[in-house]
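Below: one structure, written as structure tokens.
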Amino acid sequence: MHVFKSKVDKWVLVCFALSFIACLMGTSVMLKIGGTANYVMAAVIVIAGIGFPLWILVSTRYIADDENLKIVSGPFSWIIPVQTITSIQETQSAITSPAMSFDRLEITYGEDKAIIVSPADKEGFIKALGSDKLIVMGKRRTKEARNSEKKRKPDRKNS
């Protein structure tokens with residue numbers, strides 16, 4: 001079993017820091033005003049605005065073994081059987097995903113399903129899942145595609 005932590009970009013840390021500051025400013029006003037309703041609301045804001053994002057930030061990881069890839073990000077988790085993975089390709093898609101960086105890998109699996117991850121050790125991650133599934137430069141290259149490309153190339157020996 002291999003555990004890979006998510007790579008974390010500096011911009012993610014800056015966004016989280018700004019979010020934390022905004023939440024603390026809002027809760028400080030509520031606590032200053034006082035009252036039970038304000039105390040409860042301040043607690044909810046701290047949990048939702050600081051605790052939840054922090055939980056996602058520190059817990060996002062990818063666990064690969066011979067049979068499954070388990071992706072954990074805060075309270076969310078996905079289990080993907082390794083044999084259903086059809087491709088792994090680099091992407092910089094901004095789609096919401098369990099990835100804390102724009103240095104991402106898109107994993108295609110099952111019937112047209114995909115998930116985006118950002119392991120800090122991309123090479124080790126790909127090796128753990130099977131480097132034969134890696135697609136270079138965003139092009140899907142199956143064995144059939146490689147064979148058909150070979151057939152289409154002109155034979156330079158006869159020219």
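Some values worked out for this structure:
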read-out: Whichever residue in the range 122-146 is open to solvent by 80 Å² or more (accessible area, probe 1.4 Å) and not basic (Lys, Arg) and, among such residues, is modelled with the lowest pLDDT; value: 144
read-out: Test set (1) more than 11 Å from the chain's Cα centre (by Cα); (2) under 29 Å from residue 14 (Cα atoms); (3) charged (D, E, K, R) - residue 112 fails condition number; value: (2)
read-out: Residue in the range 59-81 that is within 13 Å of the chain's Cα centre (by Cα) and of a type in the set (Lys, Arg) present; value: yes
read-out: 1 or more residues open to solvent by 30 Å² or more (accessible area, probe 1.4 Å), more than 26 Å from residue 131 (Cα to Cα) and at pLDDT 90 or above: qualifying strands (runs of 3 or more DSSP E) within the range 1-112; value: 76-81
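The values are calculated or read from the model by the stated rules, or taken from the named source; none is laboratory data. This structure is a prediction, so every number in the text was calculated from the model and none was measured. Remember, those area values only see protein heavy atoms, side chains included, never the ligands or the DNA or RNA. Shrake-Rupley method; radii C 1.70, N 1.55, O 1.52, S 1.80 Å.
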